[in-house]
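Structure record follows, encoded as structure tokens.
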Amino acid sequence: MHLKIHNEGWVYLVSSIIITIIVIPFFNILGIFLGFLSICIFYFFRDPIRSIPNDDVVISPADGQIVYIGESDLPEELNIKKKSIKISIFLDLYNVHVNRIPVSGKIIDIKYIPGKFFRANIDKSSKENERNIILIENEKKEHIVVSQIAGLIARRIVCDLSLNQEVIKGDRFGIIKFGSRVDIYLPESYKPMITKDQLVIGGETIISNPNKINEIVSFTRK
């Protein structure tokens with residue numbers, strides 16, 4: 001069984017375990033509660049290995065439920081006037097919150113936008129909530145945008161990327177703590193292969209296949 005957790009989770013987990021050890025000899029019920037809390041922290045920050053499709057497809061950047069699919073402008077903060085296909089993924093507390101790169105390419109822009117903390121399953125959170133917008137350019141010079149969006153409970157977005165960094169599809173690039181949303185914007189020519197309300201798996205679920213390859217897809221585990 002794979003028991004890895006994201007690096008951001010260790011400070012919470014270790015602190016919770018230490019407090020549990022200190023408290024439980026004196027306050028059993030509180031100690032049991034803190035022990036349960038430690039399990040919940042581990043579960044939230046878990047970072048499972050995923051089977052990444054190797055072919056030229058777009059994969060989901062996050063685990064969760066598809067709450068929106070439709071035509072949209074790119075985020076106005078990027079100053080790029082171009083229509084796109086927007087796909088929004090709502091991450092509940094029980095979902096894996098580690099984010100993954102949807103396509104291989106180069107990071108050409110990153111913009112952090114302070115904002116509000118509306119519930120992440122409503123569409124206005126895409127424009128009004130705290131968010132981190134990442135612009136990726138693939139080998140065809142197409143632009144794919146990923147937006148990490150804080151939710152009602154989330155209060156911190158973590159992004160490990162830097163400008164001009166070369167990224168590989170399926171790589172981990174960050175985490176949004178405690179309930180959130182991830183939007184991905186694809187070129188208009190890309191057709192979604194998912195439906196609204198579908199549950200997707202970050203790094204594994206194919207959300208678009210621009211080449212419409214009808215062959216067996218190979219995978220890499222990471």
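The values are calculated or read from the model by the stated rules, or taken from the named source; none is laboratory data. Please read these numbers as outputs of a predicted model, since none were measured by experiment. Every residue, glycine among them, receives a Cβ derived from its backbone with ideal geometry; neighbour counts consider all protein chains shown.
Summary table
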read-out: Residue match in the range 108-115 (condition: hydrophobic (A, V, I, L, M, F, W, C) and touching a helix residue (DSSP H, G or I) at 6+ places or on another chain (Cβ under 9 Å)); value: yes
read-out: Residue match in the range 180-199 (condition: surrounded by fewer than 17 Cβ atoms within 10 Å (Cβ to Cβ) and under 15 Å from residue 114 (Cβ atoms)); value: no
read-out: Residue in the range 131-147 that is touching a helix residue (DSSP H, G or I) at 6+ places or on another chain (Cβ under 8 Å) and at pLDDT below 80 present; value: no
read-out: Elements of type strands (runs of 3 or more DSSP E) contained in the range 36-155, each with 3 or more residues being surrounded by fewer than 19 Cβ atoms within 10 Å (Cβ to Cβ) and of a type outside the set (A, V, I, L, M); value: 64-73, 105-113
read-out: The range 20-34, residues that are surrounded by fewer than 16 Cβ atoms within 10 Å (Cβ to Cβ) and either closer than 26 Å to residue 157 by Cα or of a type in the set (S, T, N, Q) (or both); value: 28
read-out: Among the candidates 98, 67, 58, residue that is modelled with pLDDT of 90 or more, closer than 25 Å to residue 220 by Cβ and out of contact with any Leu (no Cβ under 8 Å at 6 or more places or on another chain); value: 98
read-out: In the range 151-178, the residues that are of a type in the set (Gly, Ala, Ser) and out of contact with any Ser or Thr (no Cβ under 6 Å at 6 or more places or on another chain); value: 162, 170, 174
read-out: Condition met for residue 161 (in the same structural domain as residue 65 (by TED's automatic domain parsing), modelled with pLDDT of 90 or more and either farther than 24 Å from residue 78 by Cα or not small (Gly, Ala, Ser) (or both)); value: yes
read-out: Residue in the range 179-222 that is farthest from the chain's Cα centre (by Cα), counting only those that are under 26 Å from residue 76 (Cβ atoms) and at pLDDT below 80; value: 210
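Conditions (1) in contact (Cβ under 8 Å) with a residue 60 or more places away in the chain; (2) of a type in the set (S, T, N, Q), marked per residue:
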site	(1), (2)
13	no, no
25	no, no
52	yes, no
67	yes, no
84	yes, yes
96	yes, no
105	yes, no
113	no, no
